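The values are calculated or read from the model by the stated rules, or taken from the named source; none is laboratory data. Just so you know, these numbers come straight off a predicted model, no measurement behind them. Cβ placement follows ideal geometry from the backbone for every residue including glycine, while neighbour counts extend to all protein chains displayed. Surface areas here come from the heavy atoms of the whole protein model, side chains and all, with no ligands, DNA or RNA. Shrake-Rupley method; radii C 1.70, N 1.55, O 1.52, S 1.80 Å.
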Amino acid sequence: MGTITPVAQVDPIEISGAIITYASLANYDLIKEKNININDIVEIQRRGDVIPHIEKVVTKISSGYILAPTHCPSCHTPLIQENKFLKCPNISKCPSQILGSLRLFCDTLEIKGISDKTIAKLYQLNLVKLPGDFYNLKVSDFENIAGLGNKSGTNIVNEIQSKKNLTLKQILDAAIIPNFSSQRIIQLINAGFNTPEKILNITVAQLEALSGIQITLAEKIYQGIQDRKDFIQSILNNIVIVKPKTINQESKIFGKNFAVTGDLSVPRKVLEEKIISLGGKLASSVTSNTNYLITNESESNSSKFKNAKKLGIKIISESEFNQLAE
Ligand SMILES: [Zn+2]
């Protein structure tokens, strides 16, 4: 479900060499707590390369704080509250969420060279409404989009066409199904739901019968699959399903336990995917069973980092991981 993330537009200011025009507001509780309103003068902090955040209001100009919106700014559906976050429940029709999922489709399949701007234009021009539509794009479609020449158009079309042989797992990953993680996808496939038909027709009861899947998660995965049926179908209509390659058990990744923290040069999902495809295992926390913590940071306050230090777990960078994976 699309989370509504408040972002503050601020007067341009230079912080550690970068011109800042936006600052994160995290969630609406924080806006209320810090009593932030439009035109207030605020203190901004920037740690590392992450988006700067508002520390506090220095001078109050407008009384009160900004009220949370009641409707999605993209599709005007009434928003729902989940924990601290406001979410748009209109998963299959909300333009912002579809654009986000189309972006993630390209990232997941590592289709390079398509910018957010290009995806937005393709969407506006009705050339890409579902992920499968990418496969039908022609070089001329890209040429018709301002700023893209024949060469980059040809490159992108070739990139897309090179992603036509997909495993079932890749298809499900690329369909960006809410609450259906890579690890759950593997679990289902291994449990015998190994064709698109079996996945598309799975029931809540079948999901709940699998280990570690409680009724709430079963319902969420089921709903996610329903909401993304047209996504999945559009991919299926344009690709060839292939069998997964057998995993090289000699690889240095095979059977090892990994955790990941901090920013990477690729979306985290891409790295996690690589670990799993090489037979490695992923955990959301660092324990004594962890073999490697992957991070590009040399110091961090994350609990994974602290635990790794405490337990003497090997900390490696993204590029060191890639060397191990070779
Ligand atoms: Zn929406």
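Can you list the helices (runs of 4 or more DSSP H) lying wholly within the range 186-242 that have 3 or more residues being of a type in the set (A, V, I, L, M)?
204-208, 215-227, 229-236
Where in the range 63-162 are the helices (runs of 4 or more DSSP H), entirely inside, with at least 3 residues that are exposed (fewer than 12 other Cβ atoms within 10 Å of the Cβ)? Even if it seems obvious, please write down each step before you answer.
On the way: elements: 95-108, 116-124, 139-143, 150-161.
The qualifying helices (runs of 4 or more DSSP H) are 150-161.
Check off (1) at pLDDT below 95; (2) under 16 Å from residue 101 (Cα atoms); (3) out of contact with any Gly (no Cβ under 7 Å at 6 or more places or on another chain) for residue 179 and give me the number that stays unchecked.
The one condition residue 179 does not meet is (3).
Run residue 96 past the list (1) of a type in the set (Gly, Ala, Ser); (2) at pLDDT 95 or above; (3) within 16 Å of the ligand (Cβ to nearest atom) and report the number of the one that doesn't hold.
Against the list (1) of a type in the set (Gly, Ala, Ser); (2) at pLDDT 95 or above; (3) within 16 Å of the ligand (Cβ to nearest atom), residue 96 comes up short only on (2).
Determine the pairs where a residue that is without any contact (Cβ under 8 Å) to a residue 24 or more places away in the chain, located within the range 56-72, has a partner that is within 16 Å of the ligand (Cβ to nearest atom) and part of a strand (DSSP E or B) with Cβ atoms under 8 Å apart, the partner being 6 or more residues away or on another chain.
70/78; 71/78
Considering only the range 200-213, I want to know if a residue exists there that is open to solvent by 40 Å² or more (accessible area, probe 1.4 Å) and among the aliphatic types (A, V, I, L, M).
Yes: the range 200-213 contains one or more residues that are open to solvent by 40 Å² or more (accessible area, probe 1.4 Å) and among the aliphatic types (A, V, I, L, M).
Just give me the residues in the range 45-56 being among the hydrophobic types (A, V, I, L, M, F, W, C) and either surrounded by 17 or more Cβ atoms within 10 Å (Cβ to Cβ) or at positive phi (or both), in sequence order. Walk me through it before giving the result.
Step one: of the range 45-56, the residues among the hydrophobic types (A, V, I, L, M, F, W, C) are 50-51, 54.
Selection gives 54 alone.
I'm checking my understanding of the structure. Among residues of the range 208-255 that are touching a Gly at 6+ places or on another chain (Cβ under 7 Å) and aliphatic (A, V, I, L, M), which one is modelled with the highest pLDDT?
The extreme case among them is 235.
Restricting to the range 5-36, name every residue that is in a loop (DSSP other than H, G, I, E, B) and either at pLDDT 90 or above or at negative phi (or both).
Scanning the range 5-36 gives 5, 6, 25, 27, 34, 35, 36.
Can we say residue 171 is of a type in the set (A, V, I, L, M, F, W, C) and part of a loop (DSSP other than H, G, I, E, B)?
Spelling it out, it is not the case that residue 171 is of a type in the set (A, V, I, L, M, F, W, C) and part of a loop (DSSP other than H, G, I, E, B).
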